[in-house]
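The structure under discussion appears below in the form of structure tokens.
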Amino acid sequence: MCGLLGLVCAPHNNTASAVNAVANALHCQRHRGPDESDTWHNESVVFGFNRLSIIDLERSHQPLQYANGRYTIVFNGEIYNYLELRAELVAQYGARFATDGDTETIVAAYHHMGPSMVSRLRGMFAFMIWDAEKRVIFGARDPFGIKPLFYAQGPNGVAFASEKKSLLDLAGGLGLQPQLDRTALQHYLIMQYVPEPATLHTKIRRIESGTSFTVAPGGSVITERYFNPQFTARPLHNSSEVSQLHRQIADVLRDSVAKHMRADVTVGSFLSGGIDSTAIAALAKEHNPDLITFTTGFERSGYSEVDVAAESAAAIGVKHVVRTVSADEMMQALPLITWYLDDPVADPALVPLWFIAREARQYVKVVLSGEGADELFGGYTIYREPLSLAPFEKVPGALRSVMGKVSKRIPDGVRGKDLLRRGALSLEERYYGNARIFRDDQIQAVLKGYDPSIRHTDVTARPYRESAGWDPVTRMQHVDLFTWLRGDILVKADKMTMANSLELRVPFLDPEVFRVASTVPLEQKITKETTKYALRKAMERIVPAHVLHRRKLGFPVPIRHWLKDEMHDWAREIVQGSGTDHLIDKAAVMRILEEHRSGVLDHSRRIWALLVFMIWHGIFIERSIQVRVPEPHYPVKL
């Protein structure tokens, strides 16, 4: 787990003058790899690398060369099947290795297998390989988008980095002047994150999840999707087949956790009150009897899973560490957290995640977590919506249109308004992921220059097209793989843990786990009583009984209450001091702040989205907010 940077110069540009610029740009992502930092260059390419040493600590230094210097690689992530792949390369191709790590395994696989090797990797990764013989770079990002990779292309070359901040530092040398992307801003206010491949800066993009790419000096970045997730649910004809499916889920998850435990440093686990993280922790305990788990919470009833997590830790038999977060701490930390994010993500849960990651880093260097289980096994409560809206599907189209018009006349906050509105819409129109921040009518009130032609369907059209013919729940899962998962869940997981030089691993997001999960039929995902039914059945002998059927909470944050009380004045000061008057109608924002405070409507998520954007704008556009970024330092408590 590290931070990489690569610069491919145009033929008229000399790398000698770019080496110092790359070294300086590496510094702003030093938290991703505080153990080592190094650069390498030739006449066309500059590579930079910050290392967080996890495997083969004394060797596997990067940038790493292979085949007598023909290849040079920089790689961020972990390959969990590298031992098996390494043995195969030795047996079939006579491959030779100078290190014991996974980095050399990747470049050796590329040398012997070519670009198709990327589909053989079980892990999280973003890497770049320079081939000096062919004078081309080949790179890729993992199937689900666990590890980030940004790029910017200008007249003087193209640069890639694990963090966008590094590319902002290099933009001038590339001949670029990135500006605020108004389209991306509108999408952010709708979805609470900036959807891939865009960023909130023009000229800077992201390599998409499950995509490989090539680029030669003076050429353009050419991308190719190598992973196209397919849900292939198979009918189960009897109880024996049902039991077999549950065993397959348990077996593949146990295998994934075993491989995710591979490290030359201590591995811990995050633990909430839900089945996902509890299953991971219980399986991890099988490999590390001294496992430490970590959870976070708040001193407010109904907004903490601390007690349930502690009960789970006791049942599993692991040491447990708790970090409680206050409203004052959240307000003080938010500017620094926003700096780490690169682009705004208006998910309040990322703040306690940052705090518990900081706490965990004092005990361990790697943690496991339960991200991805909901998308793969059907865990979100909203996946049950097709059941509740099924009666609307029988209503003729003309009448449904009338229902939609009637819903617009019902005042906000009146019970049944949103059900009527959503029942009048098709799945493609109503569902674009778990976050629904501003509706069209709401966003028009706060966003100046609102463009009605920019809609969520711009983002979801492809996954809906690819899932045509599937049942509604599976289509929602498919959409979430390309939107919510990689735009929110994995961004906050990567950014908040790496901000604290902590490697986070997600065993659910493994190609072999997905292979099994993709076969689960609808009735084994969603029932009238619960979600993730098959996963719950598979975990009956692994997860403590008090967790098996709890409703999903995750890391709930009491911003609804805090924005009425402790955070209200703070929020007003952010709005009043923000230089976003040309973008945001501040008078409208003040109105919704007061409506929220008085209890007329719950505007907490919309207010939070605006506050995070305004802080981001102050840091990256206005430069009016100066963030003091601490040097990585982790006193070990054990």
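The values are calculated or read from the model by the stated rules, or taken from the named source; none is laboratory data. Everything numeric here is computed off the predicted structure, so don't read it as measured data. A quick note on method: Cβ atoms are made from the backbone with ideal geometry, for glycine too, and the neighbour counts reach across all protein chains shown.
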- Query: If you take just the helices (runs of 4 or more DSSP H) that sit entirely in region 471-534, which of them hold at least 2 residues that are touching a strand residue (DSSP E or B) at 6+ places or on another chain (Cβ under 9 Å)?
  - Reply: 490-498
- Message: Quick check on this structure: which one of 315, 357, 310, 333 is farther than 18 Å from residue 561 by Cβ and buried (at least 24 other Cβ atoms within 10 Å of the Cβ)?
- Response: 357
- region 360-405 - residue that is in contact with a Gly (Cβ under 9 Å, 6 or more places away or on another chain) and among the aromatic types (Phe, Trp, Tyr) and, of those, surrounded by the most Cβ atoms within 10 Å (Cβ to Cβ): 363
- Looking only at region 83-96, decide whether some residue is of a type in the set (Ser, Thr, Tyr), touching a Leu at 6+ places or on another chain (Cβ under 8 Å) and at pLDDT 95 or above. no
- Note on the structure: Only one of 584, 574 is surrounded by 17 or more Cβ atoms within 10 Å (Cβ to Cβ), over 30 Å from residue 315 (Cβ atoms) and in contact with a Leu (Cβ under 6 Å, 6 or more places away or on another chain), namely 574
- Message: It is to be established whether one or more residues within region 85-97 are β-branched (Val, Ile, Thr) and buried (at least 24 other Cβ atoms within 10 Å of the Cβ).
- Response: no
- Within region 568-579, is there a residue that is under 27 Å from the mean Cα position of the chain (by Cα) and either modelled with pLDDT of 95 or more or over 30 Å from residue 276 (Cα atoms) (or both)? yes
- Among the residues of region 79-96, is there at least one that is touching a residue at least 24 places away in the same chain (Cβ under 8 Å) and charged (D, E, K, R)? no
- Message: Please go through region 279-323 and give me each residue that is assigned to a loop (DSSP other than H, G, I, E, B), in contact with a Leu (Cβ under 7 Å, 6 or more places away or on another chain) and not hydrophobic (A, V, I, L, M, F, W, C), ordered by number.
- Response: 305
- Checked against (1) within 30 Å of the chain's Cα centre (by Cα); (2) within 24 Å of residue 601 (Cα to Cα), residue 427 satisfies every condition except (2)
- Message: Conditions first: (1) surrounded by 23 or more Cβ atoms within 10 Å (Cβ to Cβ); (2) touching a Phe, Trp or Tyr at 6+ places or on another chain (Cβ under 8 Å); (3) assigned to a strand (DSSP E or B). Residue 152 passes all but one, so which condition is the exception?
- Response: (2)
- Item | From 257, 158, 194, residue being assigned to a helix (DSSP H, G or I) and touching a helix residue (DSSP H, G or I) at 6+ places or on another chain (Cβ under 8 Å) | 257
